[in-house]
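What follows is a set of notes on a single structure, which appears directly below.
The values are calculated or read from the model by the stated rules, or taken from the named source; none is laboratory data. Keep in mind that this is a model prediction, so the values were computed, not measured. Cβ sites come from the backbone with ideal geometry, for glycine too, and all protein chains shown count toward neighbours.
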Amino acid sequence: MRRQLVEARFEVVREANITGNILRALEVDNDRKLALIHQRVPWLFRKAFKEFAGTPGNATYESFSEARWKYSSFHHEALRNRLFHWRADQGLVLFAQGLGLSLLGY
């Protein structure tokens, strides 16, 4: 995902692995989702809905739980149509065709 953002001319300012938060949210909301699925989804489609909802015991949940999948949060900024950009941690930066060249320190 990081490579795709950079290729699309976004500067990745911050990246965080939030998989633990996602797992906790899936666990906290599990009972509500299961009740809705049982109330509103025909029995033939319930397994697919449980999988989509990420309920514990299904492949989606287990993939996150066993660290086969990772859920990341990205804070990024578009680089399109910008020649100069200021960031407190980098000083003044010149962007020429998506390449960052530091001109000044702090």
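Quick look at the numbers
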quantity: Test result for I37, modelled with pLDDT of 95 or more and surrounded by 15 or more Cβ atoms within 10 Å (Cβ to Cβ); calculated: yes
quantity: Residue ID - modelled with the highest pLDDT, chosen from residues in segment 61-88 that are outside any strand (DSSP E or B), surrounded by fewer than 13 Cβ atoms within 10 Å (Cβ to Cβ) and not charged (D, E, K, R); calculated: A67
quantity: Candidate set from segment 4-58 (those that are of a type in the set (G, A, S) and outside any loop (DSSP other than H, G, I, E, B)); member that is nearest to R68 (Cα to Cα); calculated: G20
quantity: Residue list for segment 24-55, restricted to those being touching a residue at least 24 places away in the same chain (Cβ under 8 Å) and either in contact with a Ser or Thr (Cβ under 6 Å, 6 or more places away or on another chain) or not hydrophobic (A, V, I, L, M, F, W, C) (or both); calculated: E27, N30, G54, T55
quantity: Looking only at segment 41-60, and only at residues there that are small (G, A, S) and exposed (fewer than 14 other Cβ atoms within 10 Å of the Cβ), the one that is farthest from T19 (Cα to Cα); calculated: A48
quantity: Checklist (1) closer than 22 Å to M1 by Cβ; (2) among the aliphatic types (A, V, I, L, M); (3) modelled with pLDDT of 95 or more applied to A16, failing item; calculated: (3)
